[in-house]
């Protein structure tokens, strides 16, 4: 029991947290009556997905994906203009171990996802403003009632 | 130059949008010619791509030249299927752009340049989705096309356009997020985003990974929301019927069809048919759900009194045709589904163009307002009849042939329920459209006096639509017939992609069909 | 409805968690994603290919720059969409509209608080300078066009919050920020098209070294990345302000909060 708990939960706690957050967001998106609350749920959902991706790129003991020896590298580039072949030797001295840097790809993907999330949220807020102008409320049931009343009239 | 076609088709549309935005602020009369020019160029280039694929096989284009370890850069991958769908998208885009000309004449607001920017970027997003060979790039372009369509729908003049757009945003975001999450699961297990590389990794895993199964379910559910498959279609009817005509004419034919295309692409290229049909026992369920979708869509279409709403429910039924065809695990079912993507795009375009013209010229919203239309607008009705016959499935229109292939697939794989549902749906379409023909030809019975005052006010003004509206309608009607006449050539092209790729073999599909 | 939603959500959560025993452990450096050739390539070869130490920037603006171009387009779409949704019917463009009578008075009365005015005068230049630093230093530290663009946009938004929307819109009127937003995407795609015209694939920056004879392909990549980041910053900063200005004034671009 303890073993399975460790294998399932402790070793994957990052994914558990992300999934629980996602479900909170999704629940709000589906069931909340207020349109702004739905959008808050949408933001939680999208942010949880970002957490999911980024936490998958973590490596134990690794640092951010920015090379440390860039000072050495710039010198080397400058030197490379004068001495051919020298940079290659220098590279081997500074061999990069992939285990030292966390995976850059999820970070890049999530930059895109953040931007998409912001864009969607902005458009959705604009739409809620129009809805408020049309119906004077942001509660879904009141809007539906007004739509129904308008249909019966016309 | 020719090897750069895949990127040029997107760049033409992107620069078209940028030019429209920059010069449209100065003079909004340039928007329409610029948009039509950009879309015409895109059509020309996609014809070039199709020729190239037919002559030279699959195109692989590496953006930024990053081809060495496959997967570090982004790949655009075009076989005959994408080339055909790409041509469909750009053609529908061009025809609807021509149709939107009357919008420029009426609408003197500063919204016109904004509309054309969004419109061109929507077509660009859809085209980019279709030619992309990278699972994450597909998500970005999915969002490009979704965001533009949210905005285009919310621009509708009806009060309900905004509420329809809001529920579309919520559902669309759930769908896109599920897709993104599915790609995340795939990435976690395979370590790559390139579709072909993912496929190789899945083959290497030997079908034992539960992550891949969950990824597939997530992607499938996400796409089903996007394509409005049966239980998840709630957003569609309102979104498509309360938006401006020129928007619904491009969104209705393309958005759901591109969703179906992406699903088929995922089945064929990313997961591979061997994996999809052998490791998932859900294929039978999906065909069952497709049957429900077809029947439910048809029944709800029968119950509608508004023309556009009726077409919207027909879309739901048509999506059921394609999903069912793709999941029958049968060669002809798959061919029929892909062929139906194209034919349904033009059929839906024809329907919505006609509905747009009726609304504009005669103020028709409800079906019973169509009386006497054969006399008043004969040319429009001629185009509409061709589209309607295609929806019913009468030769030589493309609707007949796509149903023929789908039914053949259903009979070979033993999915009799699907065959029956397809026939019932055709029957329902026949009832629906012949009822419209009857109203439009004979007019209403005089006893029905309730629409009288409407008649009185509109009858004198109704006249045939202008050329810019009729050209796209008649062109789409002509394409419907042409697609039907040349169906064997198109099917040959589709089969080439199915056989030529290492992913799908005819034997897998037809062998599976024999057992089922 | 609540129960249906709860069941659907729990079902989805169960589905997501059902694959958990197949997942790599937290921090596993040898998980399929982290040990894949793709990710290894980025870490090992970035310096060789472009000399940019920040791998995220290199992947964002070079290896996957096609994605980033469309990401910029997404930002542009958001701004255009908000304007298109909120703008009502036949509105006169702002330039042709008579100046609102009450605006100058309200600016003087409400917004010329000495503390807020002085703080803004101090903060805005610093913010803008910092934005340029973030954009330009994206090669060596966390940063880049998106982040810098947001900071730059924030400085305009701060001006609009502190002094009112109208004075801010006088500095940065709609015609101008829309133009800036479009120009940003033009800059980005122009880099790609330049590569296309020089005979290479779209966004293959290495070939741009023929334009500047003193630099090699790796430096051309590095400099082009900076170029496209500037384009991104143009679009993002303009659209951030556009979103604020339109949402704060319900699309009327007057008065504001």
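Quick look at the values:
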| read-out | value |
| --- | --- |
| Full-extension gain in nm, residue C:3 to residue C:214, via 0.36 nm per residue minus C-alpha separation | 69.2 nm |
| Percentage, to the nearest whole number, of Cα pairs in segment B:1-133 over 18 Å apart | 54 percent |
| Overall form of segment B:113-268 per C-alpha gyration tensor (a/c, 1.5; a/b vs b/c) | prolate |
| With Cα atoms, 0 to 90° folded angle of helix B:160-190 axis to chain B main axis | 10 degrees |
| Tensor-based shape of chain C (alpha-carbon gyration tensor, a/c under 1.5 rounded, otherwise prolate or oblate) | oblate |
| Shape category assigned to the protein assembly as shown from the gyration tensor of Cα positions, a/c cut at 1.5 | oblate |
| Neighbouring partner chain Cβ atoms per residue of B:16-26, average, 10 Å criterion | 4 |
| Angle in degrees between helix B:416-442 and the longest Cα principal axis of chain B, rounded to the nearest 10 | 20 degrees |
| Pairwise FRET efficiency - residue A:24 versus residue C:15, Cβ, R0 = 22 Å, nearest 0.05 | 0.85 |
| Residue C:252 paired with residue C:123, simple spin-label distance in nm, labels 7 Å along Cα-to-beta-carbon | 2.7 nm |
| 10 Å Cβ neighbours from other chains, averaged over peptide A:129-142 | 4 |
| Residue A:7-residue A:147 pseudo-label distance in nm [points 7 Å out on the Cα-to-Cβ vector] | 4.9 nm |
| Helix-only CD estimate at 222 nm, as mean residue ellipticity for chain B, using -39500 (n - 2.57) per DSSP H run (n ≥ 4) | -25500 deg cm²/dmol |
| Helix C:174-197 vs. chain C, principal-axis angle (Cα, 0 to 90°, nearest 10) | 20 degrees |
| Segment residue B:51-residue B:285, length gained on full extension (0.36 nm per residue, minus Cα span) | 80.4 nm |
| Relative contact order (%) - criterion: Cα under 8 Å, at least six apart; region: chain B | 15 percent |
| Inter-label distance, nm, simple model (7 Å from Cα along the C-beta direction), residue C:48/residue B:2 | 3.5 nm |
| Efficiency of FRET between residue B:416 and residue B:29 - r from beta-carbon atoms, R0 45 angstrom, step 0.05 | 0.20 |
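Readers should treat all values here as calculations from the given coordinates under stated rules, not as data from a laboratory. This one's a predicted model, so the numbers in the text were calculated from it and none came from an experiment. Cβ sites come from the backbone with ideal geometry, for glycine too, and all protein chains shown count toward neighbours.
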